[in-house]
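Worksheet: the structure to be examined is printed underneath.
Values quoted throughout were computed directly from the atomic coordinates according to the rules given, and no laboratory measurement underlies them. Computed from a prediction, not measured in an experiment: that's the story for all the values here. In this analysis, Cβ positions are derived from the backbone assuming ideal geometry, glycine residues included, and neighbour counts consider all displayed protein chains.
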Amino acid sequence: MEYRNILLVSEDKIKSESNLDANISGKYLLTAIKLAQDTQLQSTIGTELLESLQKKVINYTADVPMHPIEPEEPYSDSIDDHKNSRYKELLDYYIQPYLIYQVLSEIIIPISYKLSNFGVMRTDDEKAYVADNSKVDLLKQHYNDKADFYKRRLQYYLIDHFNDFPELVEYHSIDKMFPNLYSASSSSLWLGGAIGKTFYPKEGYLRSKYDFPSKNK
């Protein structure tokens with residue numbers, strides 16, 4: 001499998017840690033995971049860090065032997081390698097909780113609305129009704145709020161441990177996204193400044209939440 005197709009959260013984890021119905025079709029769920037990962041997560045942590053995590057995850061899955069004969073040279077740079085403990089912590093405790101609620105936000109509209117010859121319809125078992133988006137919008141905002149909370153935690157973790165993630169400052173081409181650790185808000189309003197770009201005491205000095213000061217300073 002090509003590493004860019006690796007998803008960082010599974011269908012089972014989302015269903016087990018949310019109120020999403022266990023019978024939701026994988027067609028909708030996998031699409032929502034891919035969308036949340038490509039658009040929301042990638043724009044937060046940047047393309048370099050996202051792809052680094054995907055490579056480590058695919059190396060972990062490739063390390064599982066398909067037969068009893070062990071390979072001559074074991075796979076390296078797996079997400080479970082001790083040297084990658086910080087990446088695993090990032091994935092397990094910060095990225096996956098964020099993705100769960102972002103996926104729930106993304107999946108609301110696809111499972112609520114259907115495009116047909118009659119226009120946009122809302123389905124309910126065997127009956128179809130003209131779409132009324134008020135309740136759907138309410139649920140989407142509910143999950144957006146939860147996703148924003150976990151996104152802020154993810155951003156703070158990366159800021160606090162930025163020295164452990166060199167990918168945060170790597171940017172090789174215009175087709176790759178640079179990380180955005182300024183704001184966790186999903187609002188489209190911009191008030192002229194970066195939310196969260198303030199100063200606070202840390203180990204005896206003030207530092208910006210995004211400007212990545214050296215921890216040895």
* Packing-based ranking, highest mean first, of 165-174, 138-147 given that Cβ atoms within 10 Å are counted -> 138-147, 165-174
* What is the gain in length, in nm to one decimal, between residue 92 and residue 77 on full extension, counting 0.36 nm per residue of separation less the C-alpha to C-alpha distance? -> 3.7 nm
* Which listed pairs, of 27/114; 13/55; 13/88, have C-alpha distances above 18 Å, in listed order -> 13/55
* Structure fact -> If the chain between residue 120 and residue 27 were fully extended at 0.36 nm per residue, the gain over the current Cα-Cα distance would be 31.6 nm
* Summing +1 for each Lys or Arg and -1 for each Asp or Glu, what net charge is found among the other residues whose Cβ lies under 11 Å from the Cβ of residue 88? -> -1
